[in-house]
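Heads up: the structure comes next, in C-alpha cells.
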Amino acid sequence: MAMLKDRGGNFGMMAALVMPLVLAAGGVAIDMAKMVTTKNQMQDAADAAALAAASALVSKEKPDIAKAKEIATNFLKAQTAGGNSVDLPANDDGATASGFAASANAAPIEELEVNSSTVDIIESANGATGKAFKVTVANKQTLQFNAMTRLLGQKSILIETRATAESATETKNALSMYLVLDRSGSMAWKSNTQNTAKSSCPNYTESNWGKYPNLAATSPCYVTKIDALKTAVKDLLAQLKAADPKDLYVRTAAVSYNSAQDTAGNIAWGTAGTGTYVNALVATGGTASGNAFKTAYSRVTATTEDTAHKTKNGQVATKYIVFMTDGANNNTSDDTTTLQWCDTARKNNVQVYTVAFMAPDRGKALLKSCATTVANYFQAEEAADLIAAFKAIGEKASAMATRLTK
C-alpha cells in the first residue's frame, strides 16, 4: 500500500511522455522558419531566372528559345549553389542581362538540390513584325525535416514556386494621318526666306497680287509660301517613311482647299501618294476650310481605316489630322464649321495639330482653338519655322514603343 501511495516518480514519467511532443514542437518551429526562408530564396531565384530569360530574348543577340531556357535553368542552378552569375547577351542599352543576376550571389539554400524545375516560353506576334514572349519558371524542391519533426511521422515537404516575366521586341505605333492644307492665292506670296537657287523671280505680296501672273521678276528671289509648305511636308513624310520603311504601320493622305475643297486624296499605306498630291498644289483662290477638315475627319475615322490596320498590323491606329493655313476664312461661317469638326475630332481621340503660317490674327485664333492641346498648335513666321513645326509633328507621330513587363 505504501508503494502505491508513493508519487516520487510522477515527474519523470510525465517528462518521458511529454518530451517527444516538446521536441517535435521545437523541430516544427525550426523547420517552419527554414521553409519560409527557403521558399523566399526559391522565389527570388525563379523571379531572376524568368526575368533574365525574358530580357535576353529581346536583347541585341536575340537568342533562340532553347538558349533562353538554358539561361533560366543556369540561373536556378547558380542561385541554389550560391555560384557565380551567368554571362548573358547585352540589352539594347548595352548592359548585359546578367544585371538581373544580383540575387544569384545570395547565400545558398541549405540541404537542397534542384530536383525539379521547368521553363516554358510562349512566343506570339507583336504587331506585324515584332515578337512577344511569356516566360514561366516553375521550381520544385524537397526540404528534408530535422529528426525532431520526424517524430510526427513526416520526413519531408515539397516546396514549389512559380514566376512569370513578359517581354516584347520593339515595334512601331500604327497611325493614320490626314493633312488639311491651304492652297489659297496668298500661299503664292513670298516668305521672308531667300531662295538661293534663283537670282530673281516674281516676288508676289498682298500689295502686288493684282498683277498675277504677270509680275516682273526682281532680285533677290524669295521662297514662296507654297514651296515652303511642300518642303515641310516632304520632311514630315520622310520621317514617317524612316520609321516605317516597309509601309506596315503608316497610312497617309491629304486634302487641299482654297475657296472650296479640292478632290481629296485616298488614304493609303506609306507616304508616296501624299507626297505626289502635295507637290502638285498650285496656290490660287480664296479660303474656306470647313468642308476640307470635315472630309479629313470622316476619312481618318472611317471603320474601313480601323479594319485596314487590324488586318495588316493588328494594332489600333492613332489618328492624326494636320491642319495648316496662312490666312483667315473668307466667311466666318467656315470658322464655325471648322471648329465644330475640330471639337468632334477632339471628343473622338483624333490628335489635331495646327500650323498657322504667317497668318493673320483671326486665322491664328481659329487654329489655336482647333488644336487638341496648346502643345499641338504651332505658329510659324518664317519658312524655317514651318519646316520645324512639321518636323516636330513628324517626330511625335512616328515615335516608337517598346515594353518590358514582369
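Laboratory data are not the source of any read-out in this text; all were calculated from the coordinates shown. From a predicted model like this one, the values you see are computed outputs, not experimental measurements. Ideal geometry is used to build each Cβ from the backbone, glycine not excepted, and the neighbour counts take in all protein chains shown.
Close amide-amide hydrogen proximity is noted between LEU179 and ALA253, ALA254, VAL255, VAL322, each under 5 Å apart and 5 or more residues distant or on a separate chain (H modeled in the peptide plane; Pro and chain starts excluded).
Between the listed residues VAL255, LEU215, ILE226, the Cα displaced farthest toward the positive end of the dipole of region 175-401, a dipole computed from Cβ unit charges relative to the Cα centre, is found at VAL255. The simple spin-label model puts a point 7 Å past each Cα toward its Cβ; for ASP247 and THR142 those points are separated by 6.4 nm.
Residue-wise HN-Hα couplings along region 349-354, as the Karplus relation 6.51 cos²θ - 1.76 cosθ + 1.60 with θ = phi - 60° gives them from phi, are 6, 8, 7, 10, 9, 10 Hz; Gly and Pro carry x. Projected onto their three principal axes, the Cα atoms of region 305-406 cover extents of 52, 30, 24 Å, largest first. Please give the FRET efficiency for ASN331 paired with LYS134, using the beta carbon to beta carbon distance and R0 = 45 Å, rounded to the nearest 0.05. For ASN331 and LYS134, the calculated efficiency is 0.20. With viscosity 1.567 mPa s and temperature 4 °C, the Kirkwood radius over alpha carbon pairs of region 175-401 converts through Stokes-Einstein to a diffusion coefficient of 73 µm²/s. Fewest-first ordering of GLU166, GLU61 by other beta carbons within 10 Å of each residue's beta carbon gives GLU61, GLU166.
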